[in-house]
Structure formats: structure tokens, C-alpha cells
Amino acid sequence: MAESRKPSPPIASRHCDDPKIDYKEVAYLQKFLTPQAQILSRKRSGFCTQCQRELKAAIKRARHMGLMAFVQ
Amino acid sequence: MTTTYEGMFLLDNQAVRADWCQAKAMVTDLLGKNGAKVLCARRWDERKLAYPIKGRTRGTYLLAYFEIAGTGLNGIRRDFELDERVLRYLLLKVDAIPAGEREKAAEEGADGYVVPPPPTDEAISPERAVFGDLADRPIQEHLRRNTPAEADAGDGAEAEVAEAAAAEES
Ligand SMILES: [Zn+2]
């Protein structure tokens, strides 16, 4: 990881008026985590501010419910 | 004026194994007792937990939708906080019950539908054996606080520390 300085392209696109991001869609949320289970920054997720906020809320909810890990 | 909520309840597999219907009734009764009208409730899934919670490595999720007026949510929170059969819960406001949800809940209530029993519990987690209750949340929180909140420090404003309470929304 440390050797690569290339910025990775955004991993997803999303329309702001798509249905709300659901904390139950664990497989989808998993795509927005680093191997250490940290939430990808907005730059790397490719989400707008509102969508990123929604994403973070969903991941935090999934973590609270034991569906996703806090750390790997 | 009533509001519709989605409630997810992580139930101790021990209670589920004893009797699913009773475990489900325990949740819906607690909701009803606090003035909520349960619209539908079903077993969402049985899973291995991403981290041990109260010494459990697996659990069964119950997904319920209910209507409640005014401030009834506080009583619900208090009751679920106190019930040791509920490992975690999450209450979220929703605009409407998602399509298909009522049907799935009705399927579960139909004759001949058997809720699969949870697999036998895995051995108690090694962390639990050593640290007891400390093995749960406190260590998770400790690790979380000592881990950068974001993979990339680009978004300073978004690097605020997560709060367990942020997971809930009233
Ligand atoms: Zn957006």
C-alpha cells in the first residue's frame, strides 16, 4: 500500500436522489472500507458531501449492530 | 400524529433457540407495552457477528416496523437497554414500510413455516474468556479511538470521532 502514491479513481458513482443507503446492505457498504475497515474518504468513494454523510451513517449503524467490524 | 419506525433487534441466540415465536413476542410485546403499534416483524437473518457482543459470536436479527406517537420511544429504549436477551438494537425513522416487507413477515407467520434454529454457539471468544465484559465494547471503542477515523485525512471536517449514539436516530 505505502509504495503506491497513485490516486485511485473513485470506486462508485451515485445519484443523490437514489434510495437512501441502507445499513442492512452490508455487501455494498463493505466496498467503501479500506482493508483495515476504515471508511474511505470522499475523494476515494467518489460521493458528494450528502451521499458521503449517508454512507458514513449507514456504516456506523451496521457497526453498531455487529454487522460490520470497527477494525480488521 | 404517529411516526413509523424501523427497529432492528439483535437477539441472543439462546433465547431464539428456546423458541423463536416467544423471542419475537418478547420484542413486539415490549413495543406494544410502550404504546407502539407493530405493523410487521420478522426474522431478518442469523449471522456470525463482526465482533463479539456480550460474549456472543452469533446472533439473530429481528426486523420490525412500528408506529408510535410522540415521545414513546424513550420508554422503548429504556426497556431494550435493560433486557439482556437483546444484545443490540437500532431504531430509525422511516417514511414507509419498504415494499415486500409485510409479505415477508406474513410468510413467517403462515402455517408450516419453520424458522431455522440457530447453529450451536461457537466457543466463547478467547477475549471474553480472559477479559469478561471488557472484551466487548470498551476494547472496540478503545481501538476505534486510537485508529484514524478516515483512511485519507483529506476531509478534515469529516474526521470527527464516531459516537455509538450517532448510530441511533430519533
Ligand atoms: Zn450525492
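The values are calculated or read from the model by the stated rules, or taken from the named source; none is laboratory data. Only a predicted model underlies this, so the values are computations on that prediction, with no experimental measurement involved. Here the Cβ positions follow ideal geometry from the backbone for every residue, glycine too, while neighbour counts run over all protein chains shown. Heads up: the accessible areas ignore ligands, DNA and RNA and are worked out on the full protein's heavy atoms, side chains in. Shrake-Rupley method; radii C 1.70, N 1.55, O 1.52, S 1.80 Å.
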Practice problem: With all protein chains present, calculate the accessible area of B:Leu39 using a 1.4 Å probe and round the result to the nearest 10 Å². | Solution: 40 Å²
Exercise. Pull up all non-local amide H partners of B:Leu87: gap of 5 or more, or a different chain, and H-to-H distance under 5 Å with H placed in the peptide plane.
Key: B:Leu10, B:Leu11, B:Asp12
Self-check item: Over 30 Å between alpha carbons, listed pairs A:Lys43/B:Lys104; A:Lys24/B:Lys54; A:Lys20/B:Lys37
Solution: A:Lys43/B:Lys104
Self-check item: Accessible area of B:Asp111 in the full protein assembly, 1.4 Å probe (Å², nearest 10)
Solution: 150 Å²
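If eta is 0.890 mPa s and T is 25 °C, what Stokes-Einstein diffusion coefficient results for the range B:2-118, Kirkwood Rh from Cα pairs, in µm²/s?
Diffusion coefficient, whole number: 169 µm²/s.
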Quiz item: What list of ³J(HN,Hα) couplings, whole Hz, do you get for the range B:21-27 from phi and the Karplus terms 6.51, -1.76, 1.60, once you set θ to phi - 60° and write x for glycine and proline?
Solution: 4, 6, 5, 5, 5, 4, 6
Quiz prompt | Other-chain or far-sequence residues with amide H under 5 Å of B:Trp44's (modelled H) | solution = B:Tyr61, B:Leu62, B:Leu63
Quiz item: Rounded if a/c is under 1.5, else prolate if a/b beats b/c, else oblate: with a ≥ b ≥ c from the C-alpha gyration tensor eigenvalues square-rooted, which is chain A?
Solution: oblate
Practice problem: Show B:Arg47, A:Arg63, B:Arg78 ordered by accessible area, largest first, where the area counts protein heavy atoms only and the probe is 1.4 Å. | Solution: B:Arg78, B:Arg47, A:Arg63
Self-check item: At R0 = 45 Å, FRET efficiency that the Cβ-Cβ distance of A:Cys48 and B:Tyr113 yields, to 0.05
Solution: 0.60
Quiz item: Using a 1.4 angstrom probe and counting only protein chains, how large is the accessible area of B:Lys33 in Å², to 10?
Solution: 140 Å²
Quiz item: Residue by residue, what Karplus-based ³J(HN,Hα) values in Hz, rounded to whole numbers, does the range A:63-72 have, using 6.51, -1.76 and 1.60 with θ = phi - 60° and x for Gly and Pro?
Solution: 5, 4, 8, x, 7, 9, 7, 7, 9, 10
Quiz item: How large is ³J(HN,Hα) for each residue in the range B:5-17, as worked out from phi by the Karplus curve 6.51 cos²θ - 1.76 cosθ + 1.60 (θ = phi - 60°), to whole Hz, x for Gly and Pro?
Solution: 10, 9, x, 10, 10, 8, 9, 5, 4, 4, 5, 5, 5
